[in-house]
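Below is one structure, written out as structure tokens, with a few remarks after it.
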Amino acid sequence: MIPQIPVTTLEAASDLLAEAIDSAGPEKEALFLAKLALALAAHLDDNAVLGTAVAAALADL
Amino acid sequence: MVHCPDTSPRPSTFYDYRVHPFRAPDELRGGAERHSVAIVGAGPTGLLTAIGLAQHGVHSVVLAQDVQVSHGSRAAVLVRRSMEILQRRGVVDPFAGKGLPWSGGRSFYRGQEVYRMTMPHEEGQRHPPATNVQQQYIEEFLSDVAEREPLIDLRWGSRVTSFEQDGEEARLGVDTPEGAYMLRASYAVAADGGRSDLRRMLGLRMEGRAYSGRFVIADIRIDLPLPTERLCYFDPDWNPGNNVLVHRMPDSLWRIDFRLPDDETPEQALEPELLRQRIELTLRMVGHPLPWTLDWATVYSASALTLPRYVHGRLAFVGDAAHLLPIFGVRGANTGIQDSDNLAWKLAYVLRGLGGPGLLESYSDERVEAVREICEEAGKSTRFMTPPSRGYRLMRDAALSFTLSEAFTKDLLHWRTARPHDYRTSLLNSDPAADAAFTSGPRFGAPVPDIRLADGSHLLDHLGPDFHLICFGDGDTQGMGDLLKAARRSRIPLRVLLLRREGTPPATGYDAQVEDTGSNVADRFGALPGTAYLVRPDGHVCARWLRPEPAALKQALAVACAAQE
């Protein structure tokens, strides 16, 4: 399960990501998201948690 | 059937191909002698296996399909371990003389240097981490040795067309310019390369992974004012999403490797005008658009494949016939050279009645395990160099993109190079408890390091082709007398080398001794006075004891030869 965080924090994060995706543009959004995921994986330094997030994100696409 | 090899010298801008005469062997005059070993293939691995066998007094016949050495730079890079093996075969000098030594490389992305790597090199190491030399020279130097060696019968222009074996011998059908004959041998070695006919004749399947990307290799003659190093360009403007490798070779030859766009065929890629344009673009990218001529070009795709077993009855597979490895990390010939080093003494010991049948099986066990590890490592580099899917490509591009602004992904650009394998799990090793009692030094299975000694020689200079017991201490060290007695009684040839403690007088009873000035070697081996290392003919440790017992030595030697005593 992905942890529940305060909705205001999640909302702000979601807005930040939305604007970054728009700023990357449709051509580069995949590359941007790949870079972001790699950077977050480095910050996280825990591939078990990363694996949980990957599995959760792959569901119901 | 008559086999007609091309007798016109191959075209080359730098290399004078020598055409070797076909000489009719005894078999074409009715002879039917059974040879000890027949080696199919006269590439680096086949020739080195023959030279290794000759060092052990074993005669071999080497069958070369062509009458001249191969076309193109191909293997191109020898790593230090390969040079050490060539050194121990007594054939390294022309390689060191001709080859270009190097130790590092740089990677570029969008015109910026984003990664620099230097391969480890310690003061006193005899050979550089890597030596660039074209395969033409590798084959020339080794075939010159083979031609001079009375224990090697190198037969040019001989193509193998059939193989059969029984409990007694292997029989190979051979086509030659003067007709066909049957070659009989106690054992055969398949060193017939990536497209091995013997592998096909036996119906053997390789396991592993073939990668989809295709690459061009082009050898060009040009005077570039650049040092010998590995240059790698990711995603250059002229080849978006792909990469280019540039290596300097002797004789002003430069080798360029680049990946093709996915939808392009090998024929399209080798079309002269397109190839010319791409080479021009590469030279501009390197910063030196100077005049050049093309020497040779080919297309290949990367694979990481291996046979699951290398020994099939009386036939042993070596080199590319046994495994196909991607070029990234220079593993092809370097892995084959380690195969030959592992196989030659085992085959010789079996033929000389010193080793049990398990010894040949251990060649397969040890090398298959080594190659599976190499495939795993090579796979990582290959996935970065030639991403096999959109996902891998996206993540590779993400890592590259970060290299321009952040440091954390740079190590993903590390090109893992071939390295000597540790036969940790080998059945030829003995006494794990004694091994574990050491706090440093080469563990069992590991190769002995070629340490420089105070007199300017190197440790491997003191190791001949047989088993060695390397002892530390002096003539009075307690317990050494009994060990020497056991060594002298050994049925398996064993030389005892004393690394004599500095300042102690020469000792008696050893086959050789060198003063260990400053305890340099003892320290590197984690050795105390009385410590002994048992070293196999291929220079790998198979047992070590801080306090050896004669019975343990005897047992370890038997285990290392898969012999029942």
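Read-outs throughout are calculated quantities, based only on the coordinates presented, and are distinct from any laboratory measurement. This one's a predicted model, so the numbers in the text were calculated from it and none came from an experiment. In this analysis, Cβ positions are derived from the backbone assuming ideal geometry, glycine residues included, and neighbour counts consider all displayed protein chains.
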Point to revise | Sequence-separation-based contact order of the stretch B:432-560, relative, with Cα cut under 8 Å and 6+ spacing, percent | key: 33 percent
Practice item. Using only the alpha carbons, work out the radius of gyration and Dmax of the stretch A:7-58 in angstrom. Key: 12.2, 31
Check your understanding: What fraction of the DSSP beta bridges in chain B is antiparallel, stated in percent and rounded to the nearest 5?
Key -> 65 percent
Study note, to complete from the structure: Between the residues B:F22, B:G464, B:V91, the Cα farthest towards the positive end of the dipole of chain B, that dipole coming from +1 and -1 charges on the beta-carbon of Lys, Arg, Asp and Glu, is from B:G464
**Study point:** Computed magnitude of the charge dipole of the protein assembly as shown (debye, nearest 20; Cβ of K, R +1, Cβ of D, E -1)
**Key:** 960 debye
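Output the DSSP H helices from chain B with an along-axis C-alpha extent of no less than 27 Å and a mean Kyte-Doolittle hydropathy no less than -0.5.
B:332-351
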**Study point:** Antiparallel DSSP beta bridges within the protein assembly as shown, percent to nearest 5
**Key:** 65 percent
Point to revise | Within the stretch B:432-560, percent of DSSP bridges classed antiparallel, to nearest 5 | key: 45 percent
Study note, to complete from the structure: By the Cα gyration tensor axes a ≥ b ≥ c (a/c under 1.5 gives rounded; else a/b larger than b/c gives prolate, otherwise oblate), the shape of the protein assembly as shown is oblate
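So for B:H421, B:H3, fewest C-beta neighbours within 10 Å to most, what's the order?
By the 10 Å Cβ count, ascending, the order reads B:H3, B:H421.
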Study note, to complete from the structure: Counted neighbours (other Cβ, 10 Å), sorted fewest up, put B:S401, B:S8, B:S107 in the order B:S8, B:S401, B:S107
Exercise for review: Evaluate Rg over Rh across the stretch B:432-560, taking Cα atoms for both radii and Kirkwood's formula for Rh.
Suggested key: 0.91
Study note, to complete from the structure: Filtered pair list for the protein assembly as shown (Lys only, Cα < 26 Å, 8 or more apart or interchain) has a length of 8
Practice item. Quick one: pull the percentage of alpha-carbon pairs in chain B with a separation above 48 Å. Key: 14 percent
Exercise for review: Give the long-range amide H neighbours of B:F163: residues separated by 5 or more places, or on another chain, with amide H under 5 Å away, using H modelled in the peptide plane at 1.01 Å from N.
Suggested key: B:G173
**Study point:** Separation between Cα centres of the stretch B:19-43 and the stretch B:399-450, rounded to whole Å
**Key:** 42 Å
**Study point:** Normalised contact order of chain B, rounded percent, pairs of Cα under 8 Å and 6 or more residues apart
**Key:** 14 percent
Practice item. Could you run the Debye sum over the Cα atoms of the stretch B:33-136, one equal point scatterer each and no solvent, and tell me log10 of I(q)/I(0) at q = 0.12, 0.21, 0.22, 0.24 Å⁻¹, two decimals? Key: -0.55, -1.15, -1.21, -1.30
**Study point:** Spatial separation of Cα centroids for the stretch B:45-104 and the stretch B:506-549, in angstrom
**Key:** 29 Å
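Fewest to most neighbouring Cβ within 10 Å: what's the order for B:K98, B:K346?
Lowest count first: B:K98, B:K346.
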